[in-house]
Every structure is written in C-alpha cells, then in structure tokens.
Amino acid sequence: MKLKRIGIDLAKQVFQLHGVDSHEQVKLKKQVKRQDMLDVFRQMEPCLVAMEACGSSHYWARELKKLGHEVKLIAPQFVKPYVKSGKNDANDAEAICEAASRPHMRFVAVKTVEQQAQQAVHRVRSRVVRARTALANEIRGLLGEFGIIMCKGIAACRRVVAEVLEDSENGLPGMMRELLSELLEELKQLDAQLLKLDTQIKQQCREDERIKRIMKIEGLGPISASAIVAAIGNARQFGSGRDLSAWLGLVPNQHSSGGKERLGSISKRGDVYLRTLLIHGARAVVNACKEKVDSKSLWIKGLMARRNKNIATVALANKNARIIWAVLTREEDYQPA
C-alpha cells in the first residue's frame, strides 16, 4: 500500500493513524500500540508523516526520519480548524493529515537530542528559581506573624533568618526556631542546586560557538543566549528576523480593517520563558543607556522621549530578536556599529 501522507495523533500508549494516497483517498485508519509503532512504519514505503508538536513528538520525529520518512510537526493551534466534528483520536489524526496538506502551513523544526537536553536544564532551573522564591516569600510571611519584617530578595532573606536564629532575646518560640532552621537549610539546598545548574549552562556557553556569538549582543547573557540556541538552533526555520520576533510574541496585535491599521499590545505568542529573558535583558540595557552616546543608546533615548520606558524596552527586545536571527543564520559575529 503506497501512501502519500499520514497523520498521527500521539498519546502515551495508543496512537491513531490516518493515511491518504496520491488521490487524497483515505487508505489507512488504525490504532497502533506504542511498542508496535516503529515496526508498522518500518514496513511502509517512505512518505510524509505529520504530527502535532506536543510531548514526545520530537522523539518520534527523529525515529521516523531514521526509517526514511519525511516528518513535519504542526503547532496544535493550526490543527484545530481542520477538526470536522467532535474531538476523538480518529478525528484528530484526520485533521493533522489534512493540515499537513496545506501549501502555506507553518511547521515546527524538529529538535535534536542536544537541544532537548539543553532545554531540560532550563526548565529545571526555572522550577528551582520559582521554588526558591516561593520559599523566601513563605519565610517572610511566617516571620511577619512574629513582628519580624524583612526586605524583599533572597539575599535579605538569608541574612535576616541567620540574624533571627542568632538572637536569643527576640522572643521567638523554640518550635519556630527549629522550623526556621529547617527552612534555612532548605533554602541553602535550593541555592546549591541552582548553582549547579548555572554551572552546566555556563559550560554549554563555553562549548557552543553560536551562544558565544549572540552573547555579544547587548542585553543577552549566558542564561538567555543558551535558552535561545536550545529553542531555535540555527534559526533557519524562520524566513526573516521579523518572523522570529513574531514567534516570540514581541510584535503588536493587529486589529486592522478597511485599510486602517490598528496596532495593540504585543501578541505574547510563543515561549513565555524566552520572551521574559529577552525583555529583562533589554530592560537592563535601557536602564544603563543614560550616559552612553553610541547609536543604539541614542535610538533608545529617542524612543523613550517619544513614548515611554516600557515600550522602549519591548522595542529593544524585538530588535535584539532580529539581530539574533541575523547572527545565527549568517554565522557571523555581531557588529555593534
């Protein structure tokens, strides 16, 4: 049986397949168990295989490519319009197969094993940072019940807790002292775990030439540069720097009609983590540009004079995203001039 295109609805154990031939006639509708997946495709002639970009999709894409198939991943929001009726596995697989046939469909680049490993480090680091922040806020709230007020920040939390434990005349009950000591130890463990993850990221930065190149851009450090390279690789899946900015959600929402343009706030599409890193890095550059006279600093100050600081920050993040695309696709060093 010669198939032109197959749509796969992925799951944990049971996958749904929907295949059509060169005349767009349905020739395959079946469920396949996880352990039989590769055997089924090993017996097929190479064809186009489409899947939603979801959990485990990059793994299956790499495995099916090894068998000679052409694999394309589609973002779930682009598959949804092709679901004809109620949601079930068969309808989802049919919608994926149909979406892959559209000539102007946008596809997601398949990530390598190294990219996914780098992204895993960033995901774990983000979780540890959230856990540490939550713990510091919890300590601050508990001490506030005893009339002990501390400033915001992890460093202030460490300092105040140590001072409270050393002060034997602050009236803190013994049970609370013991609990506070355990919380401080937990905070130290999170600090150690975060330091270990940061060391791994810095090691990646030393080994990857692409990360070194984009770290030269103002507002990008080891965390943001390594996260971007892990997510987009060489960035050649984007046709232009503006496409990358739009993918990151750094462009305005459009509500245009009748020849009149109406631009709103940024779309906030794509990866929240990457967008947050770019905007925070841009904010640091904006804060430091007051005494500088280089072309980018003058551009930022001119923009702040016309609009406001937040708009200038997002505009710089947008500009940095386009510069990142140029540096990665052309494999050239960043030239500030």
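Throughout, read-outs are computed from the coordinates displayed, never taken from laboratory work. Model, not experiment: these values are computed from the prediction. Every residue, glycine as well, gets a Cβ built from its backbone with ideal geometry; the counts of neighbours run over all protein chains shown.
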Antiparallel bridges, percent of DSSP beta bridges restricted to the chain (to nearest 5): 65 percent
Cα-derived Rg over Rh, computed across region 223-303 with Rh taken as Kirkwood radius: 1.04
Helix-derived mean residue ellipticity, 222 nm - over the chain, DSSP H n ≥ 4, -39500 (n - 2.57), to 500: -18000 deg cm²/dmol
Region 155-173-region 45-110 distance, computed between alpha-carbon centres (Å): 57 Å
Under 19 Å from the VAL272 label point (7 Å along Cα→beta-carbon), backbone N, region 68-105: 76-77
Rg(Cα)/(2.2 N^0.38 Å) for region 5-100, N = residue count: 0.97
Neighbourhood net charge (14 Å Cβ-Cβ; Lys/Arg +1, Asp/Glu -1) for PRO173: -3
Ranked packing of 306-313, 155-162, most packed first, by mean Cβ within 10 Å: 155-162, 306-313
Region 194-265-region 268-287 distance, computed between alpha-carbon centres (Å): 9 Å
Residue-count net charge about GLU182 - beta-carbon cut-off 14 Å; Lys, Arg +1, Asp, Glu -1: -2
Region 155-249 - Kirkwood radius from inverse mean 1/r over Cα pairs (Å): 17.0 Å
Options (1) -0.23, -0.31, -0.51, -1.16; (2) -0.33, -0.44, -0.70, -1.16; (3) -0.27, -0.36, -0.59, -1.16 - which one matches log10 I(q)/I(0) by the Debye sum over Cα atoms at q = 0.06, 0.07, 0.09, 0.14 Å⁻¹ as calculated here: (2)
For region 178-337, the spread of Cα positions along each principal axis, largest first, Å: 67, 38, 36
Label point 7 Å beyond Cα of GLN193 along Cβ direction - residues of region 99-141 with amide nitrogen under 14 Å: 121-136
Fewest-first ranking of CYS97, CYS47, using other Cβ atoms within 10 Å as the exposure measure: CYS47, CYS97
